[in-house]
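Just below is one structure, and these are the notes that go with it.
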Amino acid sequence: MSDDKSSTQKHKVHRRKKAEKKSAFAPRSGRRAERQGRRAAERDQTRLHVPLVDRTPDDIPPPVIVAIVGPPGVGKSTLIKSLVRRYTKQTLNDTRGPVTVVSGKKRRLTFIECNNDLNSMIDIAKVADLVLLMIDGSFGFEMETFEFLNILQVHGFPKVIGILTHLDLIKKSATLRATKKSLKKRFWAEIYQGAKLFYLSGVLNGRYPDSEILNLSRFISVMKFRPLIFRNAHSYLLADRFEDLTPREQIRLSKGKCDRTVTVYGYLRGTNLREGTKVHIPGVGDLGINLITLLGDPCPFPTADSEKRRKLSEKKRLLVHAPMSDVGGVMYDKDAVWVNVPGSFTRGNPDVPQGEGEQMVMDLQGVNETLEHAVTRSQIRLLDSSSKSLSIGPHPSPSRHVLSRARGDGEGQRDNEEDEQEEDPGSASDGDFDDDELSYSEDESAELDITGRSTLRAGHHSADKLTPTREHEGAGIQYAESDSDLGDDGGGGARMHFDSDGGNDIDLQSDTDGRDEEVPKWKSNLLNQASASFKLVRQNKRKDWTTLIYSSSLSPREVVRDEPGTARNEDHKENDQVDDFFTLKATDADADTLDATKEMNPLALHLGKWEGEEALDSIRHLFITGVNDTSVAGSAGEHDGVADDNASDEDEKADSDYDEEFPKGADDSDPRAAILMTKKEALKRKFDEQYDDPESAKQDFYAEAKEAISAQQALNRAEFADVDATTRALVEGYRPGSYVRLELTSVPCEMSEHFDPTRPLVVGGLLPIEEQFGFVQVRIKRHRWHTRTLKTNDPLILSLGWRRFQTVPIYSLDDHSIRMRMLKYTPEHMHCYANFYGPVSAPNTGFCAFNSLEDGAAAFRIAATGVVLDIDRSVNIVKKLKLTGVPYKIFKNTTFVKDMFSSALEVAKFEGANLRTVSGIRGQVKKALPKPDGAFRATFEDKVLMSDLIFLRAWYTIQPRKFYNPVTSLLLSSGSHWTGMRLNGQVRREQGLSAPHQPDSAYKSIERPGRRFNALKVPRKLQAALPYASKPKLMKPQKKATYLQKRAVLLEPEEKKALVVMQQMHALRKDAIMRRREKKQEGAEIRKKRLEKDEHRKSEKKREERKDHMRVAGIKNKRKAEREEGISRKKRKNLHQVIA
Amino acid sequence: MTTTTDDQHSSLQWSPLLSSPFSSLYAKRLLRLVEKVTNGTVIEISLTGTAILVKPGIISGGPVTHDCPLSRSIGYFLEPIIMLAPFSKKPFSLTLRGITTDDKDLSVDLIRTVTLPHLEPFGISDGLELKIKKRGSPPLGGGEVLFLCPIVKKVKTLNFIEPGKIKRIRGIAHAVRVSPQFSNRMIEAARSVLNRYIPDIYLYSDVYKGEEGGKSPGYALSLVAETTTAALHCAEAVSRPGVAPEDISLEATRSLLSEIERGGCVDQKHQTLVLLMMALGSEDVGRCRMAEPTERTVQFLRDVRDTFGTSFKIVPADKLGESPHLLYSCYGTGYINTNRTLA
């Protein structure tokens, strides 16, 4: 239509204009378009990052740790409560420790509040995936906030969302806008341009407004996390539960001072946690893991099944897991959930009916000592008249029984009881089994007998009866009798059983199980049994290598040649029992085979068989010139014949032949078809690749790297997918995302005594290298906000890896790539090196340093930041040493020097060393002189003067002090502060000492006596002999007046006139200059006045600012004081209610 | 041998040893060598030679010269060093003097042509070299080799399950202080057996003369078969008094055939090296198809389990059980060369 219209129109111009309509950002020229395209491509490239492997499993990732950080009183607890309410529809009264909630189909969140202690902030920074950084909008940023951001930065910089609160306290909207803007600007400068900053207005019903929280939760739920390198190389967990397992009796006996056995619970993060890994708990120290137990997920993801069963009732909508916060009185234990119903039999609860029974139960809770103890102390007299009270002698048996039980395996009483329970049914079932098995077979029952017992008893079975199951036991690995037991075991997790490649063993087990249950059926079904036993024989022949190697006590020779050695081993053991003092541990032949790479005896290789042509032909298919894969069967046929001919050894071959025969009848055609299909597919793919553009198949480096990573991860998943959980744990460790219980032994008692759930408890796995100590070289830079320089040999607290520790660094700089030269102080605005002794960390690990971790320090506490460069067992830092001496006899180029050394031996050490005089003449130490001790002969490039000083510049190696002091903040009670080694200056200040003063080092005004040079005297005789040009031309000053001096000069009239004119001109000029100067001075005066005025104004402003600052500080203090009294919250609440 | 690989992680306590290998001179010399190439290592052997105290240091590398005793060949010393060298602070440049070929350990020829290529799939290849400067036969030796090894940050994960087919055979027949004709005789004898399989066979005759030939007469043939997937199989035979060179050659050839028949992706003598590198790989699943483990390998796997806490999954390579091969898979420990200096 419109086209028609336009065609009728005459104004073509209009149409053309329409066609030329420009879009706003379209390029107008080819060159510009090209430039824009290039720019876009470059920008795309900057968006790319090096592809990193994410070790977090996709299917069940661990909860994301959301740390809520901010100064006290900013609203952290309120935010947690609001968020938890948003996700679970439950209100927590007090949140202590981590709170885990399910936030979506594939995401869980662990909220943790960080208190204002620097130690907690450091620990939180190392584990948090997302930080909600809370800022008081009405107050602005505080020093702790910046400190925390800097700590984050060196430990990997997780994601940060800023949250401004208390904005309702700003009344004027203009001020509010300005505040928001300025705070945002500052925040962006600190994180990155465009970092997310949330605004939370006031508090409603003790929570933030639901709509704002909903908004925030949406942001949290879509957040993506890039793996951080340190966390991707370490396994760690944030403990959400902590239990002391030490037997009460032991604690009582040691008056609470014994080392404890504790358990911590939490979700594993980072990489897989392997058995035998050591862990570091920041604030406590290095600990060994006694036991890792995989527990059921306390906060599982919703599945289709669970969704079906979900009730509409809102309370049960979603789970919250916060064992430290005591949510609704639910406590999770190893394999039980404890519901604490307050109000029934709790002490100090007035609501309970105080009947006799109730009273007794409550009284029992208050008893602190055992009955026996009470009885020993009591003084009962049988009769009124008896003089001596009844006494109780030492009653060893029951108490010892208690003790032994308690100490039994280092676990708590509860565990002991469990053990007993486990044992009891075991022994009972033993009997049962015996009955059942009687009809089955003699040895089988005996074997089962063994199974029932603990690991300590070594299996004593003979070699010819070896079946895979029995080998398991021989290794001292427990097997449960039935499947149900196995299940229990998995829960308990104390025992690992290794069962290699699933197929074989599972078959076997099901086999025996079947027999256990239905003996008559087995008897009737003989044919099946026969075939099964045939299979069994086959499987027997194929060795179960994993079991043989890892869980049997056979020697390598016996493992490889699975025959005679076993019997010998048996004898051995018996010998051991009889006389275990002198035993021959192994034969030398054994050690020799292990020591040599090549087979020692060529005859053992059975080389004789290669003499026959048939044998030689039998391996033709292994060469490229041999027959193809498809006809392998044919060649195998030949193979068959060969094996028959020289049936000397090859059991395996016979096996493989069996294998081939077995499936042949059933599916002969299928594999062929499958092979054909695969071949066809491969050909098709090849054709496609060649036919299509070969360039298109190529990918860029980034895509290739990503593809390789994902392929490897798919392989990782597939390889151990069909292996059962415990075996898997043994091979690859416990995977991140699983909820585990770690039992830690010999933990300092202070940890459990002063345990405070508000302080984060991080359990960080250590790499083997990190358990070692050595010298670490780091690149360090003093923080530009830290007010003091750092001094060599002053203690410094580092947060490096998981650890926080104090050490004594030596600062140094690279001196022309020749030597590392010690620095007394850190340079300004520049990196330098530091060497210290301590636990080593992998190079490229970031750290931050502090002078003190105490609260209330006025200045910025982060002293320095840096990165680890190198680890070593020795350091080579030097400082300059200048030795001086004086010449006491000078020849032409040779000089005798004294006062540099004190003995000839010292001189000998320095022979050949370079010397230099103050005037710059270079020389060398030659040899010691016999006479004054330490004097030596030296040669110089020129004659030195007696007045010259002679230097020897040497380098003296210094070693850092071996001082390492871990910051054990978790071993202290909540209020107290950790104190480490103090700085030199601090010690002096506290002891009222002044810095040591060496009079030699003091600066004095230098007194240099003026040097007197004697006049050059040329002897008269010599003077006379000199040619005239070289003669010194000495003339006396003229004494008589000269001719001109004697005569007066008169001017001619013209001359006079000219002189007058000249004088006048000079006078005029002088005057002009004078006036100009005056004027300039006036101007200067005015300027000076103006400057003074400015200065005055500035100082006024400064005073105002200071006043403001003090006022704000006053408000803060006041608020703090109010909070402590608990007034402020109520007041604010009231205020909001009024507003609402 | 195993203690040296444990070196990085062993703890500070006297650990008793099964037999007393440290009463022999060569074992002590090996420990001295380990001390030389590391910094801060303390190794003390008890008077009886039955207990050893190891305080591990860090592997420092750099230029080192070491004289090997005449009781064992250079291979005995080089083998553990090859395992340590990629993880040192500075690239290795190790000169070893002694016997280059004997009947117990890998000869320097095999180390050069087989052992070092085994490190390539792990990302250790640039600058990896073994130079045979002089040959030395037992009993007097007099050989000298220079081993150069680059350093790596971490080793790549191995995934080697396709053994492939033999595509070429190479060999070195060397003779020192005997008639150069000996090596030609060995080559002829080997060809008489091997020619039937593939045409791509090159057997080099390597005759060292004068000073370079060492102090004692001797000759040997080492053979390498390479498959289409770059798997290597090797065999070797060393001169014995009273045995004709043809017989030595046939012995080497036949043991090569045995090795080929055993198959797999890794030669039996190099199982330990490959398994160690797999265990040290990044935290991913590495797989390798090999023949059955040797006694050394079994002991080695146990040692790896004790030191690194990693065990291998060893299953038949195919489900039907047709091939005698085993599939070794493990989850790497994610070992990173922390000795390396940054910048």
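Failed condition for B:Glu236, given (1) at pLDDT 90 or above; (2) part of a strand (DSSP E or B); (3) surrounded by fewer than 24 Cβ atoms within 10 Å (Cβ to Cβ); (4) at the interface with another protein chain (Cβ under 10 Å from one of its Cβ atoms), with all others met?
With respect to (1) at pLDDT 90 or above; (2) part of a strand (DSSP E or B); (3) surrounded by fewer than 24 Cβ atoms within 10 Å (Cβ to Cβ); (4) at the interface with another protein chain (Cβ under 10 Å from one of its Cβ atoms), B:Glu236 is out only on (3).
Please state which one of A:Arg1047, A:Arg1020, A:Arg1011 is among the basic types (Lys, Arg) and closer than 30 Å to A:Ser947 by Cβ.
A:Arg1011
Only one of these conditions is not met by B:Arg296: (1) under 22 Å from B:Arg112 (Cβ atoms); (2) within 10 Å of chain A (Cβ to nearest Cβ); (3) in contact with a strand residue (DSSP E or B) (Cβ under 9 Å, 6 or more places away or on another chain). Which number is it?
All conditions are met except number (3).
Kindly check whether there is at least one residue in segment A:91-104 that is at pLDDT below 85, out of contact with any Phe, Trp or Tyr (no Cβ under 8 Å at 6 or more places or on another chain) and among the β-branched types (Val, Ile, Thr).
yes
What do you reckon, is A:Lys1031 in contact with a helix residue (DSSP H, G or I) (Cβ under 7 Å, 6 or more places away or on another chain), without any contact (Cβ under 8 Å) to a residue 60 or more places away in the chain and over 30 Å from A:Glu771 (Cβ atoms)?
So A:Lys1031 passes the test.
What is the one condition in (1) in contact with a helix residue (DSSP H, G or I) (Cβ under 8 Å, 6 or more places away or on another chain); (2) closer than 27 Å to A:Lys278 by Cα that B:Pro324 does not satisfy?
Failed condition: (2).
If you go through segment A:168-211 one residue at a time, how many are assigned to a loop (DSSP other than H, G, I, E, B) and within 19 Å of A:Arg85 (Cα to Cα)?
Count: 8.
For segment A:246-297, enumerate the residues that are of a type in the set (Gly, Ala, Ser), under 23 Å from A:Ile112 (Cβ atoms) and within 20 Å of the chain's Cα centre (by Cα).
Within segment A:246-297, A:Gly266, A:Gly270, A:Gly283, A:Gly285 meet the criteria.
As an exercise: evaluate B:Asn337 against (1) buried (at least 20 other Cβ atoms within 10 Å of the Cβ); (2) at pLDDT 90 or above and give the number of the one condition it does not meet.
Answer for B:Asn337: the failing condition is (1).
Look through segment B:308-329, keep the residues that are more than 7 Å from chain A (Cβ to nearest Cβ), buried (at least 19 other Cβ atoms within 10 Å of the Cβ) and not aliphatic (A, V, I, L, M), and return whichever of them is nearest to B:Phe122 (Cα to Cα).
B:Tyr328
Tell me, which strands (runs of 3 or more DSSP E) wholly within segment A:936-1013 include 1 or more residues that are outside the structural domain of A:Ile871 (by TED's automatic domain parsing) and within 30 Å of A:Val918 (Cα to Cα)?
Fully inside segment A:936-1013 and qualifying: A:936-940, A:950-958.
Do we have any residue at all in segment A:80-92 that's closer than 28 Å to A:Leu228 by Cα, of a type in the set (Gly, Ala, Ser) and in the same structural domain as A:Arg218 (by TED's automatic domain parsing)?
No; the residues of segment A:80-92 include none that is closer than 28 Å to A:Leu228 by Cα, of a type in the set (Gly, Ala, Ser) and in the same structural domain as A:Arg218 (by TED's automatic domain parsing).
Suppose we filter segment A:718-727 for residues that are without any contact (Cβ under 8 Å) to a residue 60 or more places away in the chain and facing chain B (nearest Cβ under 9 Å); how many remain?
Within segment A:718-727, residues that are without any contact (Cβ under 8 Å) to a residue 60 or more places away in the chain and facing chain B (nearest Cβ under 9 Å) number 3.
Rundown of residues vs (1) over 26 Å from B:Asp206 (Cβ atoms); (2) not in a strand (DSSP E or B), yes/no style:
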| position | (1), (2) |
| --- | --- |
| B:Thr113 | no, yes |
| B:Glu120 | no, yes |
| B:Ile132 | no, no |
| B:Pro139 | no, yes |
| B:Lys156 | yes, yes |
| B:Gly164 | yes, yes |
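Among the residues of segment A:958-983 satisfying the criterion of being loosely packed, with under 14 Cβ neighbours inside 10 Å and not basic (Lys, Arg), which is farthest from A:Trp802 (Cα to Cα)?
Filtering segment A:958-983 for residues that are loosely packed, with under 14 Cβ neighbours inside 10 Å and not basic (Lys, Arg), the one farthest from A:Trp802 (Cα to Cα) comes out as A:Gln959.
Out of all the residues in segment A:91-146, which are over 19 Å from the mean Cα position of the chain (by Cα) and part of a helix (DSSP H, G or I)?
A:Met143, A:Glu144, A:Thr145, A:Phe146, listed by residue number.
Check whether at least one residue in segment A:827-844 is over 18 Å from B:Thr341 (Cα atoms) and crowded, with 17+ Cβ neighbours inside 10 Å, and report yes or no.
The answer is no; no qualifying residue exists.
So, in segment A:918-949, how many residues would count as being farther than 11 Å from A:Ile890 by Cβ and in contact with a strand residue (DSSP E or B) (Cβ under 8 Å, 6 or more places away or on another chain)?
18
Hey, B:Asp303 hits all of (1) touching a Ser or Thr at 6+ places or on another chain (Cβ under 7 Å); (2) buried (at least 24 other Cβ atoms within 10 Å of the Cβ); (3) more than 7 Å from chain A (Cβ to nearest Cβ) but one; which does it fall short on?
Answer for B:Asp303: the failing condition is (2).
For residues that are free of Cβ contacts under 8 Å to residues at least 40 places away in the same chain and in a helix (DSSP H, G or I), tally how many sit in segment A:212-250.
Matching residues across segment A:212-250 total 4.
Looking at segment B:248-264, can you tell me whether even one residue there is more than 21 Å from the chain's Cα centre (by Cα), within 11 Å of another protein chain (Cβ to nearest Cβ) and crowded, with 23+ Cβ neighbours inside 10 Å?
Looking for residues that are more than 21 Å from the chain's Cα centre (by Cα), within 11 Å of another protein chain (Cβ to nearest Cβ) and crowded, with 23+ Cβ neighbours inside 10 Å, one finds at least one in segment B:248-264, hence yes.
Restricting attention to segment A:889-904, does a residue exist that is within 14 Å of another protein chain (Cβ to nearest Cβ), surrounded by fewer than 22 Cβ atoms within 10 Å (Cβ to Cβ) and not aromatic (Phe, Trp, Tyr)?
Looking for residues that are within 14 Å of another protein chain (Cβ to nearest Cβ), surrounded by fewer than 22 Cβ atoms within 10 Å (Cβ to Cβ) and not aromatic (Phe, Trp, Tyr), one finds none in segment A:889-904, hence no.
Given the criteria surrounded by fewer than 20 Cβ atoms within 10 Å (Cβ to Cβ), out of contact with any Gly (no Cβ under 7 Å at 6 or more places or on another chain) and under 21 Å from B:Phe308 (Cα atoms), does A:Asp259 qualify?
no
Those residues that are away from chain B (no Cβ under 14 Å), part of a strand (DSSP E or B) and under 25 Å from the mean Cα position of the chain (by Cα), I need them from segment A:839-884; list them, please.
Once the filter is applied, which keeps residues that are away from chain B (no Cβ under 14 Å), part of a strand (DSSP E or B) and under 25 Å from the mean Cα position of the chain (by Cα), segment A:839-884 yields A:Cys848, A:Ala849, A:Phe850, A:Ile862, A:Ala863, A:Ala864, A:Thr865.
Hey, could you check segment A:151-178 for residues that are of a type outside the set (A, V, I, L, M) and either surrounded by 18 or more Cβ atoms within 10 Å (Cβ to Cβ) or in contact with a Pro (Cβ under 7 Å, 6 or more places away or on another chain) (or both) and say which is nearest to A:Val222 (Cα to Cα)?
Among them, the one singled out is A:Lys159.
The values are calculated or read from the model by the stated rules, or taken from the named source; none is laboratory data. Since the structure is predicted, the reported quantities are computational estimates derived from the model, not experimental observations. We place every Cβ from the backbone using ideal geometry, glycine too, and count neighbours over all the protein chains shown.
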